[in-house]
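Undergrad: One structure, as structure tokens, below. Some questions next.
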Amino acid sequence: MCFVHILNQTIFMKIKFLLTLLFAVGMAFTSMAQSVSFGPRVGATFSKISLSEGEDDEMEDEIKYNPGLQVGAVANFAISELVSIQPELLFMQKGFKIGDSDAYIKGKSNYIEVPVLAKITFGSEQVKGFVTGGPTAGYLVSGKSSIKYGDNEVSESYEFEDEDNRMELGASFGVGLAFGALNLDVRYGLGLTSLYETESGESKSRNRVLGISVAYLFGK
């Protein structure tokens with residue numbers, strides 16, 4: 001019971017840190033913003049793990065994208081007609097799959113993530129295009145792994161160990177279209193920190209996420 005209490009406290013503190021970061025970013029840009037808009041975001045993710053700098057690099061081609069969900073909230077601070085700053089708070093699923101429909105190993109990780117993106121917008125009043133880019137910070141809250149062979153499938157929740165890096169720093173780049181308040185986004189996320197503590201010469205595992213989503217911004 002004591003261990004569970006400590007674990008819950010750790011998760012709470014990490015999420016509190018991400019919320020504090022989001023609040024600080026929002027306060028920093030509120031005073032200089034010409035306008036502020038906000039709203040929900042929902043969409044899908046297609047993610048895999050990239051291996052690098054180790055002897056297991058040949059496994060890279062066997063790792064496939066695993067679909068997941070993203071949902072959260074967006075705030076947009078317009079600095080000018082061209083440039084805005086867009087912090088977000090997202091629940092995002094990341095993972096991987098090795099194998100096919102008859103036999104596979106796959107994992108799905110649930111992250112709380114805060115992207116802070118610069119957004120450049122161009123186009124007409126009816127339809128605008130935009131590009132986004134910026135850093136992300138996320139925390140791995142929970143996850144599940146599954147193994148299937150033939151008709152047998154076994155799933156279990158992640159049990160985190162000391163070598164697991166649950167805090168993830170990364171970068172996000174994307175393009176999209178805005179039809180009034182409706183925003184359609186396509187993004188690619190790069191995890192910059194390894195998912196595990198590794199020794200010299202061992203492969204480093206990093207998340208790679210393709211995201212497709214829609215957001216509706218009020219207050220524009």
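Undergrad: Working only within segment 161-175, note down all residues that are surrounded by 15 or more Cβ atoms within 10 Å (Cβ to Cβ) and in contact (Cβ under 8 Å) with a residue 60 or more places away in the chain. Before you say what the answer is, go through the steps one by one.
TA: Here is the first cut: in segment 161-175, the ones surrounded by 15 or more Cβ atoms within 10 Å (Cβ to Cβ) are 165-166, 168, 170-172, 174.
Arg166, the sole residue that qualifies.
Undergrad: Check every one of the strands (runs of 3 or more DSSP E) wholly within segment 56-166 and list those with 1 or more residues that are closer than 19 Å to Ile212 by Cα.
TA: Qualifying strands (runs of 3 or more DSSP E): 66-78, 83-99, 103-123, 128-149.
Undergrad: All but one of (1) exposed (fewer than 13 other Cβ atoms within 10 Å of the Cβ); (2) part of a strand (DSSP E or B) hold for Ala215; which doesn't?
TA: (1) is the only condition that Ala215 fails.
Undergrad: If I filter segment 122-142 for residues that are touching a residue at least 60 places away in the same chain (Cβ under 8 Å), surrounded by fewer than 17 Cβ atoms within 10 Å (Cβ to Cβ) and in contact with a strand residue (DSSP E or B) (Cβ under 8 Å, 6 or more places away or on another chain), do I get at least one hit?
TA: yes
Undergrad: Still on this model: Which members of segment 69-127 meet the condition of being among the hydrophobic types (A, V, I, L, M, F, W, C), touching a helix residue (DSSP H, G or I) at 6+ places or on another chain (Cβ under 7 Å) and under 17 Å from Gly39 (Cα atoms)?
TA: Of everything in segment 69-127, those that are among the hydrophobic types (A, V, I, L, M, F, W, C), touching a helix residue (DSSP H, G or I) at 6+ places or on another chain (Cβ under 7 Å) and under 17 Å from Gly39 (Cα atoms) turn out to be Ala75, Phe77, Ile85, Leu89, Val114, Val116.
No lab work stands behind these numbers, since they all come straight from the coordinates. Because the structure is a prediction, the values reported are computed rather than measured. Here the Cβ is made from the backbone with ideal geometry for all residues, glycine too, and neighbour counts use every protein chain on show.
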